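Heads up, the thing below is written out as C-alpha coordinates.
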(Lines give C-alpha, C1' and ligand atoms only; values in the text may rest on other atoms or scores of the structure.)
Protein backbone atom coordinates (compact mmCIF):
# COMPACT_ATOMS: atom_id res chain seq x y z
CA UNK A 1 0.00 0.00 0.00
CA UNK A 2 1.05 3.58 -0.64
CA UNK A 3 0.89 5.57 2.60
CA UNK A 4 0.05 8.83 0.82
CA UNK A 5 -2.43 7.59 -1.77
CA UNK A 6 -4.10 4.84 0.25
CA UNK A 7 -4.06 5.91 3.92
CA UNK A 8 -7.25 4.00 4.82
CA UNK A 9 -5.87 0.73 3.47
CA UNK A 10 -2.67 1.33 5.41
CA UNK A 11 -4.65 1.89 8.63
CA UNK A 12 -6.24 -1.53 8.19
CA UNK A 13 -2.81 -3.14 8.30
CA UNK A 14 -1.25 -1.33 11.25
CA UNK A 15 -2.02 -0.80 14.94
CA UNK A 16 -0.77 1.70 17.50
CA UNK A 17 -0.79 1.34 21.26
CA UNK A 18 0.11 4.42 23.28
CA UNK A 19 1.77 4.42 26.68
CA UNK A 20 -1.65 4.74 28.30
CA UNK A 21 -4.08 3.09 25.92
CA UNK A 22 -7.60 4.58 25.75
CA UNK A 23 -9.56 1.99 27.70
CA UNK A 24 -13.06 2.57 29.06
CA UNK A 25 -12.89 1.93 32.81
CA UNK A 26 -16.65 1.34 33.18
CA UNK A 27 -16.62 -1.42 30.54
CA UNK A 28 -15.49 -4.96 31.20
CA UNK A 29 -12.42 -6.51 29.60
CA UNK A 30 -14.54 -8.28 27.01
CA UNK A 31 -16.69 -5.22 26.35
CA UNK A 32 -13.60 -3.09 25.67
CA UNK A 33 -12.32 -5.57 23.10
CA UNK A 34 -15.76 -5.78 21.50
CA UNK A 35 -15.96 -1.98 21.30
CA UNK A 36 -12.66 -1.80 19.40
CA UNK A 37 -13.73 -4.71 17.21
CA UNK A 38 -16.76 -2.62 16.19
CA UNK A 39 -14.54 0.41 15.51
CA UNK A 40 -12.22 -1.61 13.30
CA UNK A 41 -15.10 -3.21 11.43
CA UNK A 42 -14.48 -6.81 12.44
CA UNK A 43 -17.29 -8.86 10.83
CA UNK A 44 -20.01 -9.91 13.27
CA UNK A 45 -19.61 -13.52 12.20
CA UNK A 46 -15.95 -13.47 13.27
CA UNK A 47 -16.21 -11.21 16.30
CA UNK A 48 -16.92 -13.79 19.03
CA UNK A 49 -14.13 -16.14 17.98
CA UNK A 50 -11.67 -13.25 17.58
CA UNK A 51 -12.43 -11.89 21.07
CA UNK A 52 -12.06 -15.34 22.63
CA UNK A 53 -8.80 -15.85 20.78
CA UNK A 54 -7.41 -12.55 22.10
CA UNK A 55 -8.56 -13.25 25.66
CA UNK A 56 -6.72 -16.56 25.59
CA UNK A 57 -3.68 -15.12 23.80
CA UNK A 58 -3.14 -12.35 26.37
CA UNK A 59 -4.08 -14.44 29.42
CA UNK A 60 -7.12 -12.26 30.18
CA UNK A 61 -9.77 -14.97 29.77
CA UNK A 62 -10.27 -15.41 33.56
CA UNK A 63 -10.87 -11.66 33.87
CA UNK A 64 -13.25 -11.15 30.95
CA UNK A 65 -16.02 -9.74 33.17
CA UNK A 66 -13.80 -7.51 35.31
CA UNK A 67 -14.14 -3.77 34.77
CA UNK A 68 -11.11 -2.28 33.05
CA UNK A 69 -10.85 0.36 35.76
CA UNK A 70 -10.17 -2.36 38.33
CA UNK A 71 -7.30 -4.00 36.47
CA UNK A 72 -3.66 -3.77 37.53
CA UNK A 73 -1.26 -1.73 35.41
CA UNK A 74 0.13 -4.82 33.69
CA UNK A 75 -3.34 -6.21 32.93
CA UNK A 76 -4.45 -2.86 31.51
CA UNK A 77 -1.52 -2.96 29.11
CA UNK A 78 -2.46 -6.48 28.06
CA UNK A 79 -6.02 -5.33 27.45
CA UNK A 80 -4.75 -2.38 25.43
CA UNK A 81 -2.70 -4.80 23.36
CA UNK A 82 -5.71 -7.07 22.81
CA UNK A 83 -7.74 -4.09 21.59
CA UNK A 84 -4.94 -3.02 19.24
CA UNK A 85 -4.71 -6.54 17.78
CA UNK A 86 -8.43 -7.04 17.25
CA UNK A 87 -8.26 -6.40 13.47
CA UNK A 88 -5.18 -8.63 13.00
CA UNK A 89 -2.66 -5.96 11.94
CA UNK A 90 0.57 -6.78 10.14
CA UNK A 91 2.51 -3.98 11.86
CA UNK A 92 2.24 -3.06 15.56
CA UNK A 93 3.61 0.21 17.00
CA UNK A 94 4.06 0.33 20.78
CA UNK A 95 4.98 3.50 22.70
CA UNK A 96 6.74 2.55 25.97
CA UNK A 97 4.20 -0.21 26.67
CA UNK A 98 5.77 -1.41 29.93
CA UNK A 99 6.50 1.95 31.54
CA UNK A 100 5.43 1.78 35.19
CA UNK A 101 4.58 -1.93 34.95
CA UNK A 102 5.92 -4.40 37.55
CA UNK A 103 8.75 -6.79 36.50
CA UNK A 104 6.54 -9.91 36.36
CA UNK A 105 3.97 -8.20 34.13
CA UNK A 106 6.77 -6.83 31.96
CA UNK A 107 8.10 -10.32 31.38
CA UNK A 108 4.66 -11.68 30.56
CA UNK A 109 3.99 -8.78 28.17
CA UNK A 110 7.21 -9.50 26.29
CA UNK A 111 6.31 -13.16 26.01
CA UNK A 112 3.16 -12.09 24.17
CA UNK A 113 5.21 -9.81 21.90
CA UNK A 114 7.61 -12.65 21.14
CA UNK A 115 4.70 -14.84 20.09
CA UNK A 116 3.40 -12.08 17.83
CA UNK A 117 6.79 -11.71 16.17
CA UNK A 118 6.99 -15.49 15.75
CA UNK A 119 3.60 -15.36 14.01
CA UNK A 120 4.88 -12.81 11.50
CA UNK A 121 3.74 -9.50 13.01
CA UNK A 122 6.31 -6.72 12.71
CA UNK A 123 6.60 -5.06 16.13
CA UNK A 124 8.13 -1.62 16.73
CA UNK A 125 8.73 -0.76 20.40
CA UNK A 126 9.96 2.48 21.95
CA UNK A 127 11.36 1.93 25.42
CA UNK A 128 13.59 3.56 28.00
CA UNK A 129 14.42 0.12 29.44
CA UNK A 130 17.54 -0.96 27.55
CA UNK A 131 17.38 -4.45 29.04
CA UNK A 132 14.10 -4.78 27.11
CA UNK A 133 15.70 -3.42 23.95
CA UNK A 134 18.07 -6.39 23.97
CA UNK A 135 15.09 -8.61 23.17
CA UNK A 136 14.66 -6.92 19.78
CA UNK A 137 16.26 -8.07 16.53
CA UNK A 138 17.29 -4.53 15.55
CA UNK A 139 17.78 -1.37 17.60
CA UNK A 140 18.01 2.37 17.08
CA UNK A 141 19.52 4.55 19.82
CA UNK A 142 17.90 7.99 19.95
CA UNK A 143 18.90 11.23 21.63
CA UNK A 144 16.85 14.42 21.28
CA UNK A 145 15.01 12.92 18.32
CA UNK A 146 18.20 12.03 16.44
CA UNK A 147 19.33 8.49 15.59
CA UNK A 148 22.78 7.97 17.09
CA UNK A 149 23.21 4.37 15.99
CA UNK A 150 21.20 1.47 14.63
CA UNK A 151 21.66 -2.20 13.89
CA UNK A 152 21.62 -5.56 15.64
CA UNK A 153 22.42 -5.86 19.34
CA UNK A 154 25.85 -7.24 18.42
CA UNK A 155 26.55 -4.30 16.10
CA UNK A 156 25.47 -1.78 18.73
CA UNK A 157 27.68 -3.39 21.39
CA UNK A 158 30.65 -3.25 19.02
CA UNK A 159 30.40 0.57 19.11
CA UNK A 160 32.04 0.52 22.55
CA UNK A 161 35.74 -0.18 21.90
CA UNK A 162 38.17 -1.89 24.22
CA UNK A 163 37.15 -3.97 27.22
CA UNK A 164 34.40 -3.47 29.78
CA UNK A 165 35.19 -4.51 33.35
CA UNK A 166 32.76 -5.26 36.14
CA UNK A 167 33.90 -4.25 39.62
CA UNK A 168 32.09 -5.43 42.77
CA UNK A 169 32.69 -5.69 46.50
CA UNK A 170 33.22 -2.03 47.32
CA UNK A 171 31.14 1.16 47.56
CA UNK A 172 30.26 1.82 43.88
CA UNK A 173 29.67 5.55 44.37
CA UNK A 174 33.01 6.15 46.08
CA UNK A 175 34.76 3.99 43.50
CA UNK A 176 33.08 5.87 40.63
CA UNK A 177 34.33 9.20 42.02
CA UNK A 178 37.87 7.81 42.30
CA UNK A 179 37.91 6.34 38.77
CA UNK A 180 36.53 9.49 37.17
CA UNK A 181 39.23 11.51 38.91
CA UNK A 182 42.19 9.32 37.91
CA UNK A 183 40.86 8.02 34.55
CA UNK A 184 39.15 11.05 32.97
CA UNK A 185 38.86 9.39 29.57
CA UNK A 186 37.20 6.23 30.88
CA UNK A 187 33.48 5.45 30.87
CA UNK A 188 32.20 4.69 34.37
CA UNK A 189 28.63 3.51 35.04
CA UNK A 190 27.22 2.26 38.36
CA UNK A 191 24.41 -0.32 38.51
CA UNK A 192 23.24 -1.06 42.04
CA UNK A 193 26.11 -2.64 43.98
CA UNK A 194 28.36 -3.03 40.94
CA UNK A 195 30.17 -0.80 38.53
CA UNK A 196 31.11 -1.09 34.85
CA UNK A 197 34.34 0.46 33.60
CA UNK A 198 35.01 0.71 29.86
CA UNK A 199 38.62 1.21 28.78
CA UNK A 200 40.48 1.13 25.50
CA UNK A 201 43.02 -1.36 26.85
CA UNK A 202 42.75 -4.74 28.59
CA UNK A 203 45.49 -4.32 31.22
CA UNK A 204 43.93 -5.84 34.35
CA UNK A 205 47.05 -5.35 36.53
CA UNK A 206 46.94 -1.61 35.72
CA UNK A 207 43.29 -1.48 36.78
CA UNK A 208 44.12 -3.22 40.06
CA UNK A 209 46.89 -0.70 40.70
CA UNK A 210 44.42 2.14 40.19
CA UNK A 211 41.98 0.46 42.56
CA UNK A 212 44.71 -0.03 45.18
CA UNK A 213 45.74 3.62 44.97
CA UNK A 214 42.21 4.63 45.94
CA UNK A 215 41.87 2.11 48.77
CA UNK A 216 39.76 -0.38 46.79
CA UNK A 217 42.26 -3.23 46.58
CA UNK A 218 39.68 -5.75 47.86
CA UNK A 219 37.38 -5.20 44.88
CA UNK A 220 36.68 -8.11 42.53
CA UNK A 221 37.34 -7.38 38.84
CA UNK A 222 36.33 -9.34 35.74
CA UNK A 223 35.84 -8.60 32.03
CA UNK A 224 32.19 -8.71 30.89
CA UNK A 225 30.00 -8.03 27.91
CA UNK A 226 28.87 -4.40 28.30
CA UNK A 227 25.23 -3.68 28.98
CA UNK A 228 23.36 -1.71 26.34
CA UNK A 229 23.01 1.12 28.83
CA UNK A 230 26.78 1.36 29.15
CA UNK A 231 27.11 1.32 25.35
CA UNK A 232 24.47 4.05 25.06
CA UNK A 233 26.34 6.21 27.59
CA UNK A 234 29.53 5.65 25.62
CA UNK A 235 27.89 6.69 22.35
CA UNK A 236 26.43 9.78 24.04
CA UNK A 237 29.86 10.67 25.42
CA UNK A 238 31.32 10.37 21.93
CA UNK A 239 28.63 12.66 20.52
CA UNK A 240 29.22 15.20 23.29
CA UNK A 241 32.98 15.17 22.62
CA UNK A 242 32.42 15.67 18.90
CA UNK A 243 30.11 18.62 19.56
CA UNK A 244 32.62 20.17 21.94
CA UNK A 245 35.48 19.75 19.46
CA UNK A 246 33.36 21.23 16.69
CA UNK A 247 32.55 24.23 18.89
CA UNK A 248 36.22 24.76 19.75
CA UNK A 249 37.16 24.58 16.07
CA UNK A 250 34.62 27.27 15.21
CA UNK A 251 35.70 29.56 18.06
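The values are calculated or read from the model by the stated rules, or taken from the named source; none is laboratory data. Note that the structure is predicted; figures quoted are calculated from it, not measured. Note: ideal-geometry Cβ built from the backbone for every residue, glycine included; neighbour counts use all protein chains shown.
A few remarks follow.
- Single match in 235, 210, 231 (criterion: closer than 19 Å to residue 134 by Cβ and modelled with pLDDT of 90 or more): 231
- Those strands (runs of 3 or more DSSP E) lying entirely in region 87-171 with at least 1 residues farther than 30 Å from residue 205 by Cβ and free of Cβ contacts under 8 Å to residues at least 60 places away in the same chain: 122-126, 139-143, 146-151
- Matching option when the condition is farther than 23 Å from residue 102 by Cα and free of Cβ contacts under 8 Å to residues at least 12 places away in the same chain, among 10, 42: 10
- Of residues in region 213-228 being touching a helix residue (DSSP H, G or I) at 6+ places or on another chain (Cβ under 8 Å) and within 18 Å of residue 134 (Cβ to Cβ), the one surrounded by the most Cβ atoms within 10 Å (Cβ to Cβ): 226
- Single condition residue 25 does not satisfy, out of (1) assigned to a loop (DSSP other than H, G, I, E, B); (2) closer than 24 Å to residue 120 by Cα; (3) in contact with a helix residue (DSSP H, G or I) (Cβ under 6 Å, 6 or more places away or on another chain): (2)
- Matching residues, region 49-68, being exposed (fewer than 12 other Cβ atoms within 10 Å of the Cβ) and in a helix (DSSP H, G or I): 49, 56, 62
- With respect to (1) surrounded by fewer than 18 Cβ atoms within 10 Å (Cβ to Cβ); (2) in a strand (DSSP E or B); (3) over 23 Å from the mean Cα position of the chain (by Cα), the lone exception for residue 181 is condition (2).
- For residue 159, the test of being in contact with a strand residue (DSSP E or B) (Cβ under 7 Å, 6 or more places away or on another chain), modelled with pLDDT under 90 and surrounded by 12 or more Cβ atoms within 10 Å (Cβ to Cβ) is passed.
- Hits in region 1-22 (condition: modelled with pLDDT of 90 or more and closer than 26 Å to residue 72 by Cβ): 15, 16, 17
Quick grid of which residues meet (1) in contact with a helix residue (DSSP H, G or I) (Cβ under 8 Å, 6 or more places away or on another chain); (2) surrounded by 14 or more Cβ atoms within 10 Å (Cβ to Cβ); (3) in the same structural domain as residue 237 (by TED's automatic domain parsing); (4) closer than 30 Å to residue 95 by Cα:
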site	(1), (2), (3), (4)
133	yes, yes, no, yes
140	no, yes, no, yes
143	yes, no, no, yes
146	no, no, no, yes
151	no, yes, no, yes
191	yes, no, yes, yes
197	yes, yes, yes, no
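- Flag if residue 74 is modelled with pLDDT under 95 and in a helix (DSSP H, G or I): yes
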